Every structure is written in structure tokens, then in C-alpha cells.
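Input: a single structure, listed below in C-alpha cells.
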Amino acid sequence: MKTALLLETLQNQLTSLRAQASPLMRHATLKPRFDRQRFRTRSTRMEDYLDEAQENLEALRHAVSHDRREQVIWLAEHLGEQIAALHQEITAWPLRVWDSASPALEKWQRKRLQHQEYEQRLFGMKQAREANLRTADTLEAQQRLLREVTLLEGRLSRCRQALDKIERVIERLTR
């Protein structure tokens, strides 16, 4: 009976930690949060640590059901230490802004929005020049507008290349 209560308490604590950690589940840090004795994962995301603790709880349930006393004792102690470490990390998260990789992500997302605005403006300017080119009367005006359209196409191409690079960086940061 005590074992069932212990397992239920551990599951409730993990569920509570997962709820508390939900805002920072996918935030990556610059280096792993815990040492190798506490968690096997080398991830920098809270979600992966909570998943490992959940796996240890499942292993504990399995050891209990197969009456492996020594394994139960070790897993229960280890899981208790993991839960305590996770709780401490979640509580201390606001103080660790310097270790967060998310500001970089926000910076790249702002850059993406800025370049998307550039792209829209360049595209609008190019369309306006092309419309003027169709209605231009003199050869000189047509040549000038054609040069401007060509220049705008080059700028638009470079802007799209920069957007592709920004997308790749954002993708890499969110993995």
C-alpha cells in the first residue's frame, strides 16, 4: 500500500513540475542544466529532463511489480533527487536569463519580420517601376526604368537569400 502511494505521489509531483515548466519547455540553454550523475540526457531543454524523469518513474513501477527491492530503493532515491533538481531549476529559471538561448531566437524572429517587410516594399517598388515602364513614352525613360527594375530584382533576390539564411538559423535554434 505504501508503494502505491509513493508511486502516485511521484507521478503527481512530475505532473505538477511539467505544468510549472510549460512556459520554458522548449527553451534551450547554452549548456546542459544538470550533471551526468543526475540526468543521462545532454539536452539543454527542460522537456527532455522531464521526459527522462518520467521514464525513471516507469522503470520504478516495473521494478515494483517484479519485486526488485534494491532496484526500487535506488530508483526511488534517484527519482526523488531528479524531482528536487527539476523543482529547483524551474524555481531559479527567472534568475538565469543570461543562460537562455531564447533571446537569440527572438532577435532572429525580429530580423525575419524586418526582412519580410523589406521584401514587400521592394516587390511593391518593382511592380510600380514595371507599370511605369509599360506606360513610358520615351526611350530614355524606358531605359532608366528598366535599369531600376533590374536593380530592384537584384535587391529583391539578395533580400530573399537573407530571409532563407534567417529561416535556417531559426530552424537550428528551435530544434
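The values are calculated or read from the model by the stated rules, or taken from the named source; none is laboratory data. Values in this document were obtained by computation on a predicted structure and should not be read as measured data. All Cβ positions, even for glycine, are placed from backbone atoms using ideal geometry, and neighbour counts span all protein chains on display.
Provide a single number: the residues in region 109-155 that are surrounded by 12 or more Cβ atoms within 10 Å (Cβ to Cβ), more than 28 Å from Glu167 (Cβ to Cβ) and among the basic types (Lys, Arg).
Of the residues in that region, 1 qualify.
Condition check: out of contact with any strand residue (DSSP E or B) (no Cβ under 7 Å at 6 or more places or on another chain), farther than 23 Å from Arg168 by Cβ, at pLDDT below 85 and of a type in the set (S, T, N, Q). Does Thr15 satisfy that?
Spelling it out, it is not the case that Thr15 is out of contact with any strand residue (DSSP E or B) (no Cβ under 7 Å at 6 or more places or on another chain), farther than 23 Å from Arg168 by Cβ, at pLDDT below 85 and of a type in the set (S, T, N, Q).
Give me the pairs, please: first residue somewhere in region 102-122 and among the aromatic types (Phe, Trp, Tyr), second residue anywhere and surrounded by 11 or more Cβ atoms within 10 Å (Cβ to Cβ), beta-carbon distance under 7 Å, and either six or more positions apart or on two chains.
Every condition considered, the pairs that remain are Trp108/Ile166; Trp108/Val169; Trp108/Ile170; Trp108/Leu173; Tyr118/Cys159.
Is it fair to say Lys126 is touching a residue at least 24 places away in the same chain (Cβ under 8 Å), part of a helix (DSSP H, G or I) and within 44 Å of the chain's Cα centre (by Cα)?
The answer is yes for Lys126.
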